[in-house]
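Here the structure comes first, spelled out in structure tokens, and everything after it is commentary.
Any read-out appearing in this document is the output of simple, stated calculations on the displayed coordinates, not a laboratory observation. Remember, it's a predicted structure, so these values are computed and weren't measured experimentally. Neighbour counts run over all protein chains shown; Cβ positions are idealised from the backbone, glycine included.
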Amino acid sequence: MQFLYPSVLWGLLAMAVPVIIHLFNFRRAKKVFFTNVKFLKAVETETSSFRKLKQWLIMAARMAFVAALVCAFAQPILPAKNTVNDVSRPTVNSIYIDNSLSMQNTMENQRYLDLAVIKIDELLTLFKQSPTVQLLTNDFTADDQVVTNAARIKDRLTTLQFSTNARPLSDVSRRQSSLVEKHNANAIIQRFLFSDFQKSTAGNLKDIKLDSTEKLFLVPVRGEATQNVFVDSVWLASPFIREMQNNIVYAQLRNAGDKTVEKLPIQLYIDDAQSSTASVDIAPNGSAIASFNFTVRDRGVHRGKITFDDQPITFDNDYFFVINASPTVNVLHLYQERSSANYIEKLYNNDSLFNYRSNNALNADVGLIKSTDLLILESVERIEGSLKSSVEDFLRAGGNVVFIPSSNPNEVSYQSFLSGVGVQGFSLLKSPVQEQSRLPISELDKSNPFFDDVFERTTLRATVEVPSMQPVLTWSATPLLSFRNQRVFMSQNSVGAGTFYLLASPLDSKYGNFAEHSFYVPTFVKVAARSTKPEPSAYSFSQRLIRLNTPNVPKNAVFKLKNGTTEIIPLQRIQNNTLIMELPKSAELPDNQQLESGYYELTLDGKTERLIALNHENSESEMAFYSPEELRKAFAGNPNVTVFDNLLDGDFVQSFADNNLGKSLWKYFIYAALAFLLIEILLVRFLKG
């Protein structure tokens with residue numbers, strides 16, 4: 001047994017008071033006269049002996065009362081089973097509470113986070129005399145860096161909110177160590193981790209490092225297996241969404257539980273109005289795809305949302321995305337000799353999706369190339385000078401170029417230009433134009449990602465006749481379209497951030513019928529669609545950086561993100577007409593604002609420039625957690641790590657106190673003091689003599 005306050009034991013000297021009282025009894029004796037002196041002596045002998053016994057018993061009871069009372073104030077304890085090796089060093093109690101979104105799970109009709117807060121509040125009563133307590137959350141805020149007393153930590157717990165940040169436990173451990181080291185490099189850390197220990201976010205437990213004097217306490221907050229359905233991804237059936245036409249959007253939903261979800265109703269909202277519904281069955285730990293038909297009335301940006309009701313995890317029941325209907329593609333057509341039927345102009349100039357411009361390549365302003373999405377070079381005999389350098393710069397900056405050869409190409413110029421854009425094995429085919437020289441083009445390679453959604457599957461199966469063309473160029477490349485003799489008819493290759501498309505033949509009808517075949521329109525429309533630099537329909541909070549195309553914006557422009565009353569200025573920079581933003585953490589927001597899933601307006605000088613959708617990271621939706629057995633196995637052999645079975649199994653706080661702070665005995669000494677006081681009363685009251 002040990003005493004927390006051994007100096008109080010000097011109070012045991014007070015035990016001398018009952019002794020002094022009993023040894024020096026100054027009461028005056030009375031004389032009583034009796035006729036039979038012999039009888040009186042016998043009575044005196046018997047009474048004096050009994051009185052002495054009574055007085056000794058009362059003195060012993062009083063001394064025991066004083067001793068028990070003094071020991072109680074000295075705080076006696078039984079030594080803890082788990083002790084820190086170096087007791088001379090100060091100890092900091094660092095408490096981490098996982099306030100990630102998965103802590104919305106419920107147990108006994110209370111959220112995991114609320115249960116953890118209650119237990120931490122009880123734990124803090126053990127440290128009420130300690131000025132070295134720290135509370136760490138997933139936000140890693142400035143408050144987390146403060147080592148303070150238990151009372152201030154309790155105040156913080158009353159305002160604790162969920163965080164969109166999910167931290168690997170190794171990051172939490174390093175954060176605890178660094179903060180305590182800043183406070184006192186000589187201090188020993190007692191780490192407490194209150195978490196559901198979600199496998200998808202906890203990271204590799206082996207990365208948690210402890211020195212020989214540190215102690216780690218893992219407190220799982222876990223209940224029964226929980227069902228949770230969430231949207232894994234959303235995509236459009238067509239690269240172009242047109243107004244007043246039927247469009248299709250697909251959503252893949254995952255079931256993170258171990259029970260089948262049957263006939264889950266799902267709704268699609270477009271611009272806050274319900275547009276379509278679907279119902280899916282999802283196998284345990286499986287996925288299913290729901291499809292929705294929808295129509296938009298106007299061009300431009302529209303708000304999409306897929307929603308369903310799935311309890312108790314609700315933060316991922318809504319998935320937000322943005323639809324850009326009929327986006328305009330800037331097409332610049334530079335030619336020296338156009339085909340007789342002018343196929344390029346007929347395709348792009350008669351569709352509102354395209355902003356079509358054309359100029360003769362010999363006298364065109366090459367500065368126009370910078371402001372276009374797709375550049376088509378048709379039948380230009382020489383590619384040299386400022387035109388050549390402008391095209392190369394355009395490709396490196398991310399532009400797309402379609403090169404249609406001339407019927408009379410300059411071999412030296414073509415060789416220089418095509419080798420500069422990565423075309424290998426180039427040579428000219430000099431033969432007279434005649435129908436007998438045409439080669440049939442093979443059917444589309446359905447496995448090539450370029451042709452996704454170019455044709456309906458039924459059309460692909462029904463294709464029998466194929467176009468034929470007479471090539472004027474040959475080169476080595478992986479083809480998009482090829483002749484049946486394995487020569488390349490059309491290829492694509494990356495140049496810098498851009499894409500270069502090369503055709504083997506002019507589009508003029510005397511070289512063949514490709515431009516009049518069903519292959520032509522969807523292939524060139526797909527080229528245009530891939531030239532718009534499409535941005536994701538939605539982003540995740542876990543993405544460190546978001547990149548948005550922002551042409552013609554001053555370099556010193558300051559963009560803001562606005563969602564209702566929340567308005568933030570993220571860290572940002574503009575590079576090559578691209579805005580690069582870093583999403584702030586929840587703790588970096590003013591006035592305790594929170595980043596919630598939804599739509600955010602990107603504004604510049606008060607004007608909305610873009611609408612983006614932000615959603616929570618899918619890893620928080622996974623319902624796989626480390627069990628206490630798995631946690632013990634991960635830290636097997638480390639005596640400084642203690643894993644509790646569950647937050648609510650038994651009296652967690654008392655168990656921790658008994659094993660790590662020692663078992664307090666002061667109450668038992670209080671009981672003993674009261675017992676000795678009662679014994680004294682009984683001796684005085686009932687022991688007569």
> Using alpha carbons only, how many degrees (0 to 90, rounded to 10) separate the axis of helix 520-529 from the longest principal axis of the chain?
Replying inline: 40
> In the range 63-204, what % of DSSP beta bridges are antiparallel (nearest 5)?
Replying inline: 20
>> Going by amide H atoms built from the backbone, whose H comes under 5 Å of the H on N355, apart from near neighbours?
In response: V329, N330, V331
> Between D365 and N109, how many nm apart are label points set 7 Å from Cα along the C-beta direction?
Replying inline: 7.4
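R0 = 60 Å: FRET efficiency of D272 with Q424, Cβ-based, nearest 0.05? Walk me through the intermediate numbers first.
Values: r = 53 Å, r/R0 = 0.88.
Plugging the Cβ-Cβ distance into 1/(1 + (r/R0)^6) gives 0.70.
Based on the Cβ-Cβ distance of R484 and S416, what FRET efficiency does E = 1/(1 + (r/R0)^6) give at R0 = 41 Å, to the nearest 0.05?
Details: r = 31 Å, r/R0 = 0.76.
Using R0 = 41 Å, I get an efficiency of 0.85.
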> Mean residue ellipticity at 222 nm from the helices of the chain, using -39,500 (n - 2.57) per DSSP H segment of n ≥ 4 over the full residue count, to the nearest 500 deg cm²/dmol?
Replying inline: -7000 deg cm²/dmol
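Can you tell me how much longer the chain between Q245 and T328 gets when fully stretched, taken as 0.36 nm per residue apart minus their C-alpha distance, in nm with one decimal?
Details: separation 83, 0.36 × 83 = 29.88 nm, distance 1.69 nm.
Extra length available between Q245 and T328 comes to 28.2 nm.
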> So for the chain, taking the charge dipole from beta-carbon charges (+1 Lys/Arg, -1 Asp/Glu), which of W10, P506, S287 sits furthest toward the positive end?
Replying inline: W10
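Counting DSSP beta bridges with both partners in the chain, what percentage is antiparallel, nearest 5?
65
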> Can you list the HN-Hα couplings for the range 245-253, worked out from phi with the Karplus curve (6.51, -1.76, 1.60; θ = phi - 60°), rounded to whole Hz and with x for Gly and Pro?
Replying inline: 10, 6, 10, 10, 10, 10, 9, 9, 10
>> Counting other beta carbons within 10 Å of each residue's own, what order do L332, L205, L78 fall into, fewest first?
In response: L78, L205, L332
> What is the extension gain from H183 to E337, computed as 0.36 nm multiplied by their sequence separation minus the C-alpha to C-alpha distance, in nm to one decimal?
Replying inline: 47.8 nm
>> Is there a quick way to get the dipole size of the chain? I mean about its Cα centre, with the Cβ of Lys and Arg at +1 and of Asp and Glu at -1; what is the value in debye to the nearest 20?
In response: 4200
> On a 0 to 90 degree scale, rounded to 10, what angle separates helix 112-124 from the longest Cα axis of the chain?
Replying inline: 40
> Which percent of Cα-Cα pairs in the range 229-320 sits in each 10 Å bin, short to long?
Replying inline: 16, 50, 25, 8, 0
> For helix 385-396, what angle does its Cα long axis make with the longest principal axis of the chain, in degrees from 0 to 90 and rounded to 10?
Replying inline: 30
> So for K388, K633, fewest C-beta neighbours within 10 Å to most, what's the order?
Replying inline: K633, K388
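Figure the gain on full extension for S233 and S386 (residue separation times 0.36 nm, minus the Cα-Cα span) and round it to one decimal in nm.
Values: separation 153, 0.36 × 153 = 55.08 nm, distance 4.45 nm.
Here the segment from S233 to S386 would lengthen by 50.6 nm.
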> So what are the ³J(HN,Hα) numbers for the range 429-434, from phi and the Karplus equation (6.51, -1.76, 1.60; θ = phi - 60°), rounded to whole Hz, Gly and Pro as x?
Replying inline: 10, 9, 8, x, 6, 7
> For the range 329-529, with the dipole built from +1 on Lys and Arg beta-carbon atoms and -1 on Asp and Glu ones, taken about the Cα centre, which of A397, A477, S339 lies farthest toward the positive end?
Replying inline: A477
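For a footprinting-style exposure proxy, rank T603, T132 by other Cβ within 10 Å, fewest first.
Working: T603 16, T132 20.
In increasing order of surrounding Cβ atoms, one gets T603, T132.
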> Hey, of (i) 1.13; (ii) 2.08; (iii) 1.58, which did the structure itself give for Cα Rg over 2.2 N^0.38 Å when calculated?
Replying inline: (iii)
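Let me check against my output: what whole-number percent is the relative contact order of the range 329-529, with C-alpha pairs under 8 Å and at least 6 apart? The partial results should precede the final answer.
Details: 393 pairs, mean separation 46.9, N = 201.
Rounded, it is 23 percent for the range 329-529.
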> Short version: ³J(HN,Hα) in whole Hz for each residue of the range 284-292, in order, from phi by Karplus 6.51 cos²θ - 1.76 cosθ + 1.60 (θ = phi - 60°), x for Gly and Pro, what are they?
Replying inline: x, 6, x, 9, 8, 10, 10, 10, 10
